[in-house]
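The values are calculated or read from the model by the stated rules, or taken from the named source; none is laboratory data. Because the structure is predicted, anything quoted here is derived from the model rather than measured. Cβ placement follows ideal geometry from the backbone for every residue including glycine, while neighbour counts extend to all protein chains displayed. Quick note on the areas: whole protein, heavy atoms, side chains included, nothing else; ligands and nucleic acids left out. Shrake-Rupley method; radii C 1.70, N 1.55, O 1.52, S 1.80 Å.
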Amino acid sequence: SDDDDDDDEHKHQPTKDETHPTKVRQTKKTVVKFEEWDCRILYLLVEFCYTDNLSIMDVRPSDEIARIMAGLRAASKAFKLRGLFDKVDQWGFRNISRYPALCCALIDEGMRRDDID
């Protein structure tokens, strides 16, 4: 029937490209799922887009924060947000000089995301 064809039109499979979300049609709403991205990365991405700021930059650095920053770096490239990329790099340069052990978490997360350059 035509209704079945209409339902198939709105079903999308996730892609390997992280910038393409999965769209799921539910009743009259469209829900967008970014399955490739941690919800903390998406939250900070939205925060940056609305405020041009990242509250995480004020948090004391740790391995977990470094991993989040590596995720934000990858997101800044995927979503083409040069200002975010610059802020994340600034955080990295400043904090690696103060806390050299953070390099391990940044490199490990960058390798996991295939984002080492």
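Annotations for the structure displayed:
- Residue within the stretch 72-92 that is open to solvent by 70 Å² or more (accessible area, probe 1.4 Å) and at positive phi present: yes
- Test: residue in the stretch 95-114 that is at positive phi and open to solvent by 20 Å² or more (accessible area, probe 1.4 Å): yes
- Count of the stretch 55-74 residues which are within 14 Å of the chain's Cα centre (by Cα) and touching a residue at least 40 places away in the same chain (Cβ under 8 Å): 6
- Taken over the stretch 28-45, the criterion of being in contact with a Pro (Cβ under 6 Å, 6 or more places away or on another chain) and either at pLDDT 75 or above or under 15 Å from residue 79 (Cβ atoms) (or both) is satisfied by 32, 34.
- So residue 92, is it farther than 24 Å from residue 33 by Cβ and within 13 Å of the chain's Cα centre (by Cα): no
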